[in-house]
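Here, each number is a calculation from the coordinates, and none is a lab measurement. None of the values given here were measured: they were computed from a predicted structure. Neighbour counts are summed over all protein chains in view; Cβ atoms, including those assigned to glycine, are modelled from backbone coordinates with ideal geometry.
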Amino acid sequence: MIESIGWLGNTLLAVCGAPQAFQSLRQGHSRGVSAGFLWLWLSGELCAGVYAALHLNFDAPILFNIGCNVLFISVIMRYLYWPRANALALADEIPDQTETIKSQT
């Protein structure tokens, strides 16, 4: 039972980055995502990976979580630093929704 809870929790944590990674992939940019957030997240995942590998004897659920998150972070960072050529031009054409939201409240 506890193993199932561990797998469930780590699987849910592993897919947390998927929506942003898929959005970055689809739009061709990661505009609006903080580079500081991504670097801290990546550093935390790498440190947790070393800890899991050396102290937890390669605990599979945790390493699965870390592996997925490093993959998603890599995709997001790729499009943050190297967006597709036309992606930012297209993003500039999308109206900013913050004023619309403010006026509705």
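A few remarks follow.
- Filter result (surrounded by fewer than 18 Cβ atoms within 10 Å (Cβ to Cβ) and over 10 Å from the mean Cα position of the chain (by Cα)) within the range 29-44: ARG31, GLY32, SER34, ALA35, GLY36, TRP39, LEU40, SER43, GLY44
- Cβ pairs under 9 Å, 6+ apart, first in the range 66-88 and farther than 15 Å from ALA18 by Cβ and in contact (Cβ under 8 Å) with a residue 60 or more places away in the chain, second outside any loop (DSSP other than H, G, I, E, B) and not hydrophobic (A, V, I, L, M, F, W, C): ALA87/GLN27; ALA87/TYR79
- Complete set of residues in the range 45-64 that are loosely packed, with under 13 Cβ neighbours inside 10 Å and under 20 Å from the mean Cα position of the chain (by Cα): CYS47, VAL50
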